[in-house]
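The values are calculated or read from the model by the stated rules, or taken from the named source; none is laboratory data. If you're wondering where the values come from, they're calculated on a predicted model, not measured in any experiment. Reconstructed Cβ throughout: ideal geometry from the backbone, glycine too, with neighbour counts over all protein chains shown.
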Amino acid sequence: MVSGCTVQNQTAAGSGMVVATSISPLADLIRQVGGERIQVINLVPRGTDPHNFEPKSEDLRRLAVAKAFFANGVGEEPYIDKLLANAGNPGLRKVVLSDGLPILQAEKNNPGNPHLWLDVHNAEQYVQRIRDTLDDLAPASKSYFDQNAAAYLAELEELDRWIAAQIATIPPEARLMVVFHDAWPYYAQRYGLTILRPVVHNNEAEPSAGEYAELVNLIRQKHVRAVFGESGFNPKLVQRLASDTGVTFVGNLYDDTLGDSPENNSYLAIMRSNTAAIVEALR
């Protein structure tokens with residue numbers, strides 16, 4: 001799988017406690033709570049496929065001074081235990097943000113779908129866990145963290161209502177999505193969409209010729225209006241599918257990564273831009 005444009009790993013400006021995470025959407029949630037009193041290391045560079053990420057020795061060195069690692073869990077960071085064991089930082093706390101939340105698609109030998117943050121309600125739960133962890137690690141800044149979290153949670157509540165209202169403008173029979181990979185069940189369940197099928201398998205293997213033909217037929221039979229590619233992943237297969245079926249191609253949804261422009265460089269921004277793109281294509 002060929003990833004999109006790669007940029008350097010991000011470390012937020014700040015002079016306080018250092019914490020770490022895996023992907024940029026989670027890093028943004030942490031920054032919203034920690035503000036200027038923390039520094040956030042996110043290991044997976046923006047614009048790249050996190051499923052192919054492998055930590056390097058440089059990442060181990062960067063974790064040597066971190067107080068906590070905020071993992072998404074549910075298989076999003078398969079390297080996490082080895083990474084933390086080799087970081088040379090016995091005080092580094094592992095915090096799994098998805099712990100205790102309902103996991104979709106979990107079954108034997110499969111921990112489930114990790115993309116919980118694409119349901120804003122789950123993102124709110126993440127923020128509360130981040131707040132509680134930072135409060136515990138730096139009690140002198142508890143009031144600061146709590147105020148930041150309260151303000152951000154209010155923004156997330158507003159975002160959740162806005163997304164629901166936008167999706168409601170799509171005709172019910174048109175609320176069908178074919179997506180590049182299986183990142184969208186939480187978003188779909190929360191906001192009333194149906195994911196017909198991802199184009200690639202969970203291991204990101206491309207469909208066989210027979211599977212591809214079945215997908216083409218499914219799109220035609222269900223009168224699907226658009227197929228959706230995702231930032232950080234090669235768009236060619238989804239572009240071909242759109243061409244072969246005559247439906248709209250949308251190539252810029254964000255799930256595992258943020259972008260670098262004001263339209264996509266924060267969690268709030270990607271959720272708004274994703275929703276706007278989906279509504280425009282399906283309405």
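Could you count how many residues in segment 170-180 are hydrophobic (A, V, I, L, M, F, W, C), surrounded by fewer than 23 Cβ atoms within 10 Å (Cβ to Cβ) and not in a strand (DSSP E or B)?
2
Which residues, taken from segment 87-104, are surrounded by 14 or more Cβ atoms within 10 Å (Cβ to Cβ) and in a loop (DSSP other than H, G, I, E, B)?
ALA87, ASN89, LEU92, LEU97, SER98, LEU101, ILE103, LEU104
Condition check: buried (at least 20 other Cβ atoms within 10 Å of the Cβ) and farther than 30 Å from VAL224 by Cβ. Does ILE167 satisfy that?
Details: buried (at least 20 other Cβ atoms within 10 Å of the Cβ): yes; farther than 30 Å from VAL224 by Cβ: no.
It is false that ILE167 is buried (at least 20 other Cβ atoms within 10 Å of the Cβ) and farther than 30 Å from VAL224 by Cβ.
Please work out if ALA64 is at pLDDT below 95, of a type in the set (Gly, Ala, Ser) and crowded, with 18+ Cβ neighbours inside 10 Å. Working first, answer last.
Numbers: at pLDDT below 95: yes; of a type in the set (Gly, Ala, Ser): yes; crowded, with 18+ Cβ neighbours inside 10 Å: no.
When the stated conditions are applied, ALA64 does not pass them.
Which numbered condition in (1) at pLDDT 95 or above; (2) outside any helix (DSSP H, G or I); (3) buried (at least 18 other Cβ atoms within 10 Å of the Cβ); (4) not aromatic (Phe, Trp, Tyr) is the only one that LEU159 fails?
Failed condition: (2).
How many residues does segment 245-283 contain that are surrounded by fewer than 17 Cβ atoms within 10 Å (Cβ to Cβ) and acidic (Asp, Glu)?
3
Which of the residues belonging to segment 39-51 are surrounded by fewer than 24 Cβ atoms within 10 Å (Cβ to Cβ) and of a type outside the set (Ser, Thr, Tyr)?
Taking segment 39-51 and keeping what is surrounded by fewer than 24 Cβ atoms within 10 Å (Cβ to Cβ), we get 39, 41, 45, 47-51.
Within segment 39-51, GLN39, ILE41, PRO45, GLY47, ASP49, PRO50, HIS51 meet the criteria.
To keep it simple, each residue is scored yes or no on (1) within 29 Å of ASP182 (Cβ to Cβ); (2) assigned by TED's automatic domain parsing to the domain that holds ARG131; (3) in a helix (DSSP H, G or I).
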| site | (1), (2), (3) |
| --- | --- |
| ALA27 | yes, yes, yes |
| GLN32 | yes, yes, yes |
| GLY35 | no, yes, yes |
| ILE41 | yes, yes, no |
| VAL44 | yes, yes, no |
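Within segment 217-239, work out how many residues are among the basic types (Lys, Arg) and not in a loop (DSSP other than H, G, I, E, B).
So the first thing to find is which residues in segment 217-239 are among the basic types (Lys, Arg), and the list is 220, 222, 225, 236.
Now restrict to residues that are not in a loop (DSSP other than H, G, I, E, B): 220, 236.
Summing the residues that are among the basic types (Lys, Arg) and not in a loop (DSSP other than H, G, I, E, B) in segment 217-239 gives 2.
With the checklist (1) under 19 Å from the mean Cα position of the chain (by Cα); (2) part of a helix (DSSP H, G or I); (3) over 21 Å from GLN39 (Cβ atoms); (4) not hydroxyl-bearing (Ser, Thr, Tyr) in hand, flag the one item ASN113 doesn't pass.
Result: ASN113 fails condition (2) only.
List the number of the failed condition for LEU118; all other conditions in (1) closer than 18 Å to ALA183 by Cβ; (2) surrounded by fewer than 22 Cβ atoms within 10 Å (Cβ to Cβ) hold.
(2)
Working only within segment 191-216, note down all residues that are of a type in the set (A, V, I, L, M, F, W, C), over 14 Å from VAL238 (Cβ atoms) and assigned to a helix (DSSP H, G or I).
Across segment 191-216, the qualifying residues are ALA209, ALA213.
Cβ-Cβ under 9 Å, sequence separation 6+ or interchain: first residue in segment 153-167 and without any contact (Cβ under 8 Å) to a residue 40 or more places away in the chain, partner part of a helix (DSSP H, G or I) and of a type in the set (S, T, N, Q). Which pairs?
Partner pairs satisfying both residue conditions: LEU153/GLN128.
Suppose we filter ALA183, ALA188 for residues that are on the phi < 0 side of the Ramachandran plot, crowded, with 18+ Cβ neighbours inside 10 Å, assigned to a helix (DSSP H, G or I) and assigned by TED's automatic domain parsing to the domain that holds ASN234; which single one remains?
Working: ALA183 fails: assigned to a helix (DSSP H, G or I).
Within the list ALA183, ALA188, the selection yields ALA188.
Of everything in segment 168-199 that's of a type in the set (Val, Ile, Thr) and in contact (Cβ under 8 Å) with a residue 60 or more places away in the chain, which residue is nearest to VAL247 (Cα to Cα)? Steps first, please.
We begin by selecting, within segment 168-199, every residue of a type in the set (Val, Ile, Thr); these are 169-170, 178-179, 194-195, 199.
Retained after the next criterion (residues that are in contact (Cβ under 8 Å) with a residue 60 or more places away in the chain): 169-170, 178-179.
On the way: THR169: 20, ILE170: 16, VAL178: 11, VAL179: 13 Å.
The residue in question is VAL178.
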